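Worksheet: the structure to be examined is printed underneath.
The values are calculated or read from the model by the stated rules, or taken from the named source; none is laboratory data. These numbers were taken from a predicted model, which means no experiment stands behind them. Here Cβ is always computed from backbone atoms with ideal geometry, including for glycine, and neighbour counts include all displayed protein chains.
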Amino acid sequence: MRMLWKNIKGLVGVYDTPPLYLKGGEMRSLPVLEQAWLAIEDGVVVDFGSMEEFPGITDWSGLEVMDCEGKYVLPAWCDSHTHLVFAASRSGEFLSRLEGKSYQEIAAEGGGILNSARALQSMSELDLLADARNRLMQAMRTGTGSIEIKSGYGLTTEAELKMLRVIDALKSEFSIPIKATFLACHAVPEGDWTAASWTARMVEDALPAVAKEGLADYVDAFCEKGYFGLAETQSLLEASLLLGLKAKVHVNQFNAFGGVKLCVDAKAVSVDHLEELEAEDIDALKKAAASGHPTFATALPGCSYFLGIPYTPVLELMKADVPVALATDFNPGSAPSSNMSRVVQLAILKMKMHPLEAIAAATINGAAAMECSEQAGVIARGRAANVLLTRPMNGLEDLAYGFGEEPVEKVFIDGESL
Ligand code: NIG
Ligand code: FE
């Protein structure tokens, strides 16, 4: 199967030799080749160039030609933080919030993550997989071409392993890069558990099993007041590193108390949320980025939008030359949408990212924040043709300008239109 796309208004994130990621100050220089052509063969990008230097077509056999007048072609979105495996909607809690309760109040009454855990424990692995498969296909239809998925709604060793096996099954069913994260410390389960005793249980019981079965690429903890503190987060991260598992950590969602530095010191791949950020947090991330071994700062504006909490101060992070990634945080409690285009729109509209910065954060840096830079995040020769085609746009700012519109017209995975 051979395809030639002509007259592309802009081929975005296109490289001869792609870098692994872009630091804050570099993100606005994401390359765009204007008036371009792109050739795809057997699902792989084989060549590209500008229309001015278009070599012409010599071999027409089996060639499909598409005119992309006015449209942009981007790498498929890289969603580096999701909770896509879950048992049930929590729209009832959403209604309670509309009636005046806060997210934290609902959680304190046994709702929130505990609510999701009760539902998940009683759902079969097969049913969970069927729902997760549908959700992943829906995310892909809106442009997602690589994804990280967490456990964390199990809250028993057995149910956590069940979630991770579902993610493992998705990995074998889908060709796109999928990363699995063992979210060992998401909430303290009901009963006699404390944050400390639950963390110890996960470290002693679940973590070795997860590592032995190769069910996770990363570990995660919800480092937050009322959930897991610095001591618990540190003990989980240290134990994980000994088993060869790096971390991607929920931190600074509601409170800043030193979690970012702790994660940076533990060589976490990313710190995610960061709605509350203090100078010392930015400083730790800045130093790591300057050393060439960054911890990615992942903003989740869908969560800020849905919960009405502050947006991550990404401009400050980029000013400090920290590589920023954007992800959906897709989950039934704080961000019930898997649509990365919406995240990019929010990043531009609410966090004031330049369109090129937002795209870089949602593609090349998202891929790096889940360590799949070789497979996703850019358009380059020899790479899988996991790309999206926009509707006709005046410029990339139209991703957010027509804020109610769906900017993605078509999604291609391995060169096949979904
Ligand atoms: O990233 N903050 C912790 N975990 C998820 C939401 C959990 C939930 O409400 O189900 C998040 O926002
Ligand atoms: Fe999350």
Here, helices (runs of 4 or more DSSP H) confined to the stretch 251-358 with at least 2 residues that are over 21 Å from Phe228 (Cα atoms) and either touching a helix residue (DSSP H, G or I) at 6+ places or on another chain (Cβ under 8 Å) or not assigned by TED's automatic domain parsing to the domain that holds Ser235 (or both) are 279-290, 301-307, 314-319, 340-349
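Take the stretch 320-332 and flag every residue that is crowded, with 24+ Cβ neighbours inside 10 Å, within 16 Å of ligand 2 (Cβ to nearest atom) and touching a residue at least 60 places away in the same chain (Cβ under 8 Å). Give the derivation first.
Filtering the stretch 320-332 down to residues crowded, with 24+ Cβ neighbours inside 10 Å leaves 322-331.
Add one more test, that the residue is within 16 Å of ligand 2 (Cβ to nearest atom), and what stays is 325-331.
Matches in the stretch 320-332: Ala325, Ala327, Thr328, Asp329, Phe330, Asn331.
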Lys162 meets each of (1) away from ligand 2 (no atom under 16 Å from the Cβ); (2) closer than 28 Å to Glu374 by Cα; (3) basic (Lys, Arg) with one exception, condition (2)
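Hand me the list of strands (runs of 3 or more DSSP E) wholly inside the stretch 28-91 holding 1 or more residues that are within 16 Å of ligand 1 (Cβ to nearest atom). Write out each step before concluding.
Numbers: elements: 32-41, 44-50, 63-67, 72-75, 77-79.
Filter on the stretch 28-91 gives 77-79.
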Next item on the list: Taking Ala256 as the residue in question, decide whether it is more than 14 Å from ligand 2 (Cβ to nearest atom) and farther than 22 Å from Ala358 by Cβ.
Entry: yes
When (1) away from ligand 1 (no atom under 16 Å from the Cβ); (2) closer than 30 Å to Ala107 by Cα are applied to Leu307, the one that fails is (1)
Within the stretch 248-268, the residues that are surrounded by fewer than 24 Cβ atoms within 10 Å (Cβ to Cβ), within 17 Å of Leu300 (Cα to Cα) and more than 11 Å from ligand 1 (Cβ to nearest atom) are Asn255, Ala256
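Which one is nearest to ligand 2 (Cβ to nearest atom) among residues in the stretch 51-103 that are small (Gly, Ala, Ser) and touching a Leu at 6+ places or on another chain (Cβ under 6 Å)? Break it down into steps so the answer makes sense when it comes.
Taking the stretch 51-103 first, the residues small (Gly, Ala, Ser) are 56, 61-62, 70, 76, 80, 87-89, 91-92, 96, 100, 102.
Narrowing the set further to residues that are touching a Leu at 6+ places or on another chain (Cβ under 6 Å) leaves 76, 87.
Numbers: Ala76: 21, Ala87: 16 Å.
It comes out as Ala87.
If a residue must be among the hydrophobic types (A, V, I, L, M, F, W, C) and out of contact with any Lys or Arg (no Cβ under 8 Å at 6 or more places or on another chain), how many such residues does the stretch 260-270 contain?
Initially, the stretch 260-270 is screened for residues among the hydrophobic types (A, V, I, L, M, F, W, C), giving 260, 262-264, 266, 268-269.
Restricting the remaining residues to those that are out of contact with any Lys or Arg (no Cβ under 8 Å at 6 or more places or on another chain) gives 260, 262-263, 266.
Result for the stretch 260-270: 4.
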Regarding Gly100, is this residue assigned by TED's automatic domain parsing to the domain that holds Thr233, crowded, with 16+ Cβ neighbours inside 10 Å and not hydroxyl-bearing (Ser, Thr, Tyr)?
no
